[in-house]
Amino acid sequence: MTYKPKVSQYGSVDPAPPLISGKISEWEASLTDSAVPMFQRMRNVFALRNDGTDAACIALCSGFNSHSALLRHEIAYVLGQMQNETAIPTLIRVLSDENEHVMVRHEAAEALGAIGNYAVKSTLEQFVNHPMPEIAESCEVAIDLLDWCRSKEYQEVDC
Ligand SMILES: [Fe+2]
């Protein structure tokens with residue numbers, strides 16, 4: 001017998017299910033609390049994502065102060081899922097930070113593509129020749145996504 005995780009309202013199978021009770025300030029507090037088990041912290045991340053508001057988005061952005069690169073990466077991923085433009089300045093700062101973990105910067109680049117605001121293209125172009133291929137390739141993909149969303153195929157394809 002298998003008990004498969006449920007598919008989220010975003011169509012994804014997430015590594016931890018969202019908490020179904022609580023409020024933004026409570027969910028936010030665990031993001032930077034390394035005493036809380038990672039599964040629980042991720043439940044808070046997905047609760048904030050499902051909340052979907054600007055306030056939830058800002059709370060998630062505060063989670064980039066977490067010491068866990070894995071959690072920061074997960075936060076960047078859900079900010080891309082949320083497609084909330086409130087996160088754009090933070091994601092640009094994360095992508096641009098040469099001291100940030102490559103995994104987090106890669107996910108910030110892809111999130112910037114997923115949000116779909118064409119104005120970030122010039123930022124992505126600054127890193128398209130970055131010596132770390134994970135960053136360069138993610139920026140290349142994000143730029144191509146922004147361009148593709150302006151194409152005729154975008155209008156025609158329902159996916
Ligand atoms: Fe990733």
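When region 26-83 is examined, which residues are found to be of a type in the set (S, T, N, Q) and within 19 Å of His106 (Cα to Cα)?
Answer for region 26-83, where residues must be of a type in the set (S, T, N, Q) and within 19 Å of His106 (Cα to Cα): Ser62, Asn65, Ser66, Ser68, Gln81, Gln83.
Among the residues of region 118-126, are any more than 15 Å from the ligand (Cβ to nearest atom), within 22 Å of Cys57 (Cα to Cα) and among the aromatic types (Phe, Trp, Tyr)? Show your work before the answer.
Of the residues in region 118-126, the ones more than 15 Å from the ligand (Cβ to nearest atom) are 118-126.
If we keep only those that are within 22 Å of Cys57 (Cα to Cα) as well, we get 118-121, 123-124.
Applying the additional criterion that residues be among the aromatic types (Phe, Trp, Tyr) yields 118.
So far as region 118-126 goes, yes, one or more of its residues are more than 15 Å from the ligand (Cβ to nearest atom), within 22 Å of Cys57 (Cα to Cα) and among the aromatic types (Phe, Trp, Tyr).
The numbers here are math on the coordinates, done by the rules we state, and not lab data. All of these numbers come straight from a predicted model, not from anything done at the bench. No Cβ is skipped: glycine too gets one built from the backbone with ideal geometry, and neighbour counts run over all protein chains shown.
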